[in-house]
1. Note down the net charge around A:Val57, summing +1 for each Lys or Arg and -1 for each Asp or Glu among other residues with Cβ under 13 Å from its Cβ.
2. If a helix is a whole DSSP H run, which ones in chain B reach 15 Å or further along their own axis (Cα) and hold a mean Kyte-Doolittle hydropathy of at least 0.5?
3. Name the shape class, rounded, prolate or oblate, that the alpha-carbon gyration tensor gives for the stretch B:1-99, where a ≥ b ≥ c are the square roots of its eigenvalues, rounded holds for a/c under 1.5, and otherwise prolate holds if a/b is larger than b/c and oblate otherwise.
4. Report relative contact order for chain B in percent, whole number only (criteria: Cα-Cα under 8 Å, sequence separation at least 6).
5. Which residues make up the longest stretch of chain B that has no trypsin sites (Lys or Arg not before Pro) in a DSSP loop with at most 14 other Cβ atoms within 10 Å?
6. Which one of B:Ala41, B:Ala64, B:Ala31 has the biggest mean-square fluctuation once chain B is modelled by GNM with Cα springs under 10 Å?
7. What does the charge count near B:Met18 come to, summing +1 for each Lys or Arg and -1 for each Asp or Glu among other residues with Cβ under 15 Å from its Cβ?
8. How large is ³J(HN,Hα) for each residue in the stretch A:42-49, as worked out from phi by the Karplus curve 6.51 cos²θ - 1.76 cosθ + 1.60 (θ = phi - 60°), to whole Hz, x for Gly and Pro?
Amino acid sequence: MNSPFMHAPTFSKTIPSLMTEADSLCLEIRALLQPRDLDRICFPVELLTRECLANAVTHGNRSDPGKWIVLRLWAGREWIRLQVTDEGPGFAWRKIRQSKLDTAASSGRGLQLYTLYAERVRFNRSGNQITLWISKTNRTRKED
Amino acid sequence: MAAYVIEQTDQQGSVKLMGDLTASLVPELQARLKELLNHGAKELAFDLASTKMLDSSGMGLLIAAANSVATNGGKVRVTNVSPDIFRLLQSMRLVARLNVSGRAE
């Protein structure tokens with residue numbers, strides 16, 4: 001799973017911690033994927049990009065526009081790898097991963113979406129960088 | 001163009017989204033919904049016919065609205081969702097809670 005991604009990213013961009021910038025970047029990702037015959041995975045990739053960027057803006061960099069977010073995307077033959085890094089101190093992702101969510105809860109679904117749409121989710125040690133692997137052939141893994 | 005159009009008649013409110021329901025829109029729309037609920041709306045209908053993307057913040061807004069109207073015996077309906085959004089809400093087990101229906105073919 002790692003070998004196709006040793007090369008430079010297909011797409012890379014650094015933005016300030018503003019939701020408007022995150023929105024524009026998501027639309028760039030949409031425009032990047034659509035002409036590459038990747039319509040089928042456009043929705044999961046854009047959704048995961050939005051979740052990662054929103055977390056980086058609000059939780060990572062605490063909406064400080066002086067802090068930066070770096071997005072890198074590698075488009076391999078079978079996988080899309082998405083990586084988002086912020087300048088925040090990170091978070092205790094091991095604890096949050098284990099918690100269960102009530103369907104009536106109005107927040108806390110971001111991490112659930114990562115595991116729903118990505119085949120593999122990896123945080124760095126501190127938790128200010130997330131890397132997601134999204135299969136080009138697989139849709140959501142869990143459906144009821 | 002505005003990102004949404006809100007209408008209210010008696011105890012029914014409707015929100016027609018003109019684009020995506022994502023984190024950047026949620027704070028503003030949430031404030032407008034609060035006003036709507038303060039004016040006595042018990043039933044809320046969200047029309048997502050023009051919506052291509054719904055993220056966790058958007059879902060949070062819909063669930064918070066459902067929770068609010070439920071305390072007064074009301075409910076929300078989410079209509080005209082795309083197949084991708086329907087699958088997402090299905091996977092998150094929110095179809096029944098939000099009374100979700102898809103777009104007509």
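Bear in mind these aren't lab numbers, they're just calculated from the coordinates by the rules spelled out. Note that this is a predicted model, so its numbers are computed, not measured. Cβ atoms come from the backbone with ideal geometry, glycine included; neighbour counts cover every protein chain shown.
1. My count for the surroundings of A:Val57 gives -4.
2. Once both thresholds are applied, what remains is B:56-70.
3. Because a/c hits 1.5 or more and a/b fails to exceed b/c, the stretch B:1-99 counts as oblate.
4. Over chain B, the number comes to 25 percent.
5. Numbers: sites that count: B:Arg93, B:Arg103.
Longest run free of exposed loop sites: B:1-92.
6. In this elastic network of chain B, the residue with the biggest mean-square fluctuation among B:Ala41, B:Ala64, B:Ala31 is B:Ala31.
7. -2
8. With the stated coefficients, the stretch A:42-49 comes to 4, 4, x, 5, 5, 4, 5, 4 Hz.
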